[in-house]
Amino acid sequence: MIIQKFWQLANLERGLNSSHEEMLWNVYRILKIKEDCPVIKISDPYQLLDLMKEIDVTFFRGNERLFFEEYLILSEMDAKEVLDYVYFIQKNSNVFGSLIPKSLSKLLLISKKVGAVLVADADKYDSDLYNYVMENSDTQFFFTVKQEIMHNILSLLFKGLNVHFILNDIYEENFTDIKFDYIIAFPIMGVRNLETGGDFISREPSFIATQNLLLHLSSIGQLKIVLPAKIGFGGGDAEILRHFISDNYQVNEIASLPSRLFYPYMSINTYLITIQQGKTEDVSVIKYKLEKDALFEDDNRLVFADELESMNNWNVDMAFSLTDETIMNYKNSLVKKAPLKDVADVFRGKSIAAKTEEGNVLVINISNISEVGIDYNNLDFTVEEERKVQRYLLEQDDVLITTKGFSVKIGVYEDQQKMVIASSNLCVVRPNKRLLTGTYLKLFLESETGMKLLKSLQRGTSIVNINYQDICELEVPIPPLEEQLEITNEYEAGLKLYKETINQAEYAWSKIKANVQRKLF
């Protein structure tokens, strides 16, 4: 029933030709009239407009009858319903990517018996925020709100409750001198860097907010913040901030949120991180899944501080690999192992400016690699000076690994008559032929254990994104060469039989189809 009212209000606003911001101002106007004149019964549009002038509300200009109908509906709503309507307005505008999905607010608005709670950017919540305040009547809440109109609306809706407003925002140094026992934040993400004069590690808004909010924790304070997933594995500013947190605070929880959580309004992958004063001893690592608009724990692990330190990142998939039974069995096995960088040369493929219909260099792309090998008949051409591609030229037995795309593919290169290079979306591993064969390495990487190890290197998203420097550190088995060759020969014999069988089946099928077609008429 309430959703029906929301659409009724939206249709009235459509008749008023209101922008998103004007719709919010109309909500404020009606709330202000209701606040200042609670006992006056307004019976017609012109009485409503006269009353607006008397109480000095920003004067409405438009269709008086439509606005009056909106007033009659909205003035009967309680605070929670109004908050949901405001959320509805923003959800159906282009700002929904900056709102907090209801499923996520359940993880953030956690009741705590503490003195002071900061809700950063409180205008991003629906009625769950009102319920949160009402359920924690002994707590003092502090809201930051970026938009003037949302500050006006929330000030009226939370009037008389244990809520205080901070006019500055969390991206400004010294935005308040208050220390908080609990801070929840969903900062700006996926936008350009902020120009701020503060002494911050980064100019990225979400990283500024993190550093700034940590400085406002009380001695028992805890920060729960949603950040882009690159905080877990990124270099540069992300790595510096990660070490700043590890060195100065206690990391309690690192949770990977599903990539569909903000779809289709925002495509950024995120972590939910809980930090407090103290020193890290162990960390809960969690994967959430989204089912019927609710978040559930899909899996969780407890990772100790020294294990987290040895990883040198907060990659959730890598953390899960520490306790994965398959990977643990592999790591505890007696087979000789070595980092790839010790038994192979590893380098990235080359970025190509443009492909051509003819050229002196062939380029292997992700699409050319399948489970049965590399399709050399459909490679792209490019024109390059030999000296510029010399270091990228592929050699027999090179292993190609996709580092971008929707899945991990692995191929073993066979010598061709022309110069061939790999595209920039591929990593090239050139095994030391005295220690490792390309086909054996491919087979290991395509095994359950190998794929889990590669996935643990993936940089926190549903799209493949693996850094070739991480591949250098990947520990692979190095059994005696004769064992590798025996396994390789068995595989290649089986692959040859498989291809021959497929070719024979396709030939037989084509003959059957041709024979049937000849009998049609």
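Observations on the structure shown:
Results for (1) over 29 Å from the mean Cα position of the chain (by Cα); (2) within 25 Å of Glu22 (Cα to Cα), shown as yes or no for each residue.
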site	(1), (2)
Asp138	yes, no
Ser155	yes, yes
Lys159	yes, yes
Glu172	no, no
Ile178	yes, no
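- For region 348-367, a residue qualifies if it is in a strand (DSSP E or B) and loosely packed, with under 15 Cβ neighbours inside 10 Å, and exactly one does: Thr356.
- Listed by first and then second residue, the pairs with beta-carbon distance under 7 Å, at least 6 apart or on different chains, first residue in region 126-139 and touching a residue at least 24 places away in the same chain (Cβ under 8 Å) and among the hydrophobic types (A, V, I, L, M, F, W, C), second open to solvent by less than 50 Å² (accessible area, probe 1.4 Å) and in a helix (DSSP H, G or I), are Leu129/Leu83; Leu129/Ala122.
- Taking the criterion of being more than 21 Å from Ser447 (Cβ to Cβ) and in contact with a helix residue (DSSP H, G or I) (Cβ under 7 Å, 6 or more places away or on another chain), the residues of region 350-372 that qualify are Lys350, Val361, Asn368.
- Hits in region 371-397 (condition: within 15 Å of Lys409 (Cα to Cα) and at pLDDT 90 or above): Gly373, Ile374, Asp375
- Considering residues of region 140-150 that are surrounded by 18 or more Cβ atoms within 10 Å (Cβ to Cβ) and in contact with a strand residue (DSSP E or B) (Cβ under 7 Å, 6 or more places away or on another chain) only, the residue farthest from Glu21 (Cα to Cα): Phe141
- Residues of region 78-118 classified as under 21 Å from Pro38 (Cβ atoms) and either assigned to a helix (DSSP H, G or I) or in contact with a helix residue (DSSP H, G or I) (Cβ under 7 Å, 6 or more places away or on another chain) (or both), total: 7
- Test result for Asp317, at pLDDT below 85 and within 29 Å of Gly236 (Cβ to Cβ): yes
- Those residues of region 30-74 which are open to solvent by less than 60 Å² (accessible area, probe 1.4 Å), assigned to a loop (DSSP other than H, G, I, E, B) and more than 22 Å from Asn17 (Cβ to Cβ), in sequence order: Cys37, Ile42, Asp44, Ile55
- Any pair with Cβ under 6 angstrom, 6 or more apart, that starts in region 34-46 at a residue that is free of Cβ contacts under 8 Å to residues at least 60 places away in the same chain and ends at one that is open to solvent by 70 Å² or more (accessible area, probe 1.4 Å): Pro45/Arg65
- Being among the acidic types (Asp, Glu), at pLDDT 90 or above and closer than 30 Å to Pro431 by Cα holds for only one residue in Asp324, Asp345, and it is Asp345.
- Ser202 meets all of the listed conditions (1) modelled with pLDDT of 85 or more; (2) surrounded by 20 or more Cβ atoms within 10 Å (Cβ to Cβ) but one, namely (2).
- Checked against the criterion of being touching a Ser or Thr at 6+ places or on another chain (Cβ under 9 Å), over 30 Å from Ala238 (Cα atoms), modelled with pLDDT of 90 or more and not polar (S, T, N, Q), region 506-517 contains not a single residue that satisfies it.
- Leading residue by the ranking (most open to solvent (accessible area, probe 1.4 Å)) among those in region 287-339 that are closer than 30 Å to Glu483 by Cα, in contact (Cβ under 8 Å) with a residue 40 or more places away in the chain and among the aliphatic types (A, V, I, L, M): Val335
- Evaluation of Gln390 against the conditions (1) free of Cβ contacts under 8 Å to residues at least 12 places away in the same chain; (2) surrounded by 14 or more Cβ atoms within 10 Å (Cβ to Cβ); (3) not β-branched (Val, Ile, Thr) shows that the sole unmet condition is (2).
- Tally, over region 165-187, of residues that are farther than 17 Å from Lys224 by Cβ, in a loop (DSSP other than H, G, I, E, B) and open to solvent by less than 60 Å² (accessible area, probe 1.4 Å): 5
- Within region 231-252, tally of residues that are buried (at least 20 other Cβ atoms within 10 Å of the Cβ), part of a strand (DSSP E or B) and free of Cβ contacts under 8 Å to residues at least 40 places away in the same chain: 0
- Residue within region 267-286 that is open to solvent by 60 Å² or more (accessible area, probe 1.4 Å), at pLDDT below 90 and not charged (D, E, K, R) present: yes
Let's see how each residue does on (1) farther than 24 Å from Ser98 by Cβ; (2) of a type in the set (Asp, Glu); (3) out of contact with any helix residue (DSSP H, G or I) (no Cβ under 8 Å at 6 or more places or on another chain); (4) assigned to a strand (DSSP E or B):
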position	(1), (2), (3), (4)
Phe262	no, no, no, no
Ile275	no, no, no, yes
Leu290	no, no, no, yes
Leu295	no, no, no, yes
Asp299	yes, yes, no, yes
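- Screening Ile421 against (1) under 21 Å from Asn465 (Cβ atoms); (2) open to solvent by less than 70 Å² (accessible area, probe 1.4 Å) leaves a single unmet condition, (1).
- Remark: pairs (first residue in region 157-182, farther than 21 Å from Thr274 by Cβ; second residue among the polar types (S, T, N, Q); Cβ separation under 6 Å; 6+ apart in sequence or on different chains) = Asn162/Gln140; Ile166/Thr144; Ile166/Thr176; Asp169/Thr144; Phe175/Asn168.
The values are calculated or read from the model by the stated rules, or taken from the named source; none is laboratory data. The model shown is predicted, which means the values in this text are computed figures rather than measured ones. Because the Cβ atoms are built from the backbone with ideal geometry, glycine has one as well, and the counts that use them run over all protein chains shown. Ligands, DNA and RNA are stripped out before the accessible areas are found, and what is left, the full protein with its side chains, is counted by its heavy atoms. Shrake-Rupley method; radii C 1.70, N 1.55, O 1.52, S 1.80 Å.
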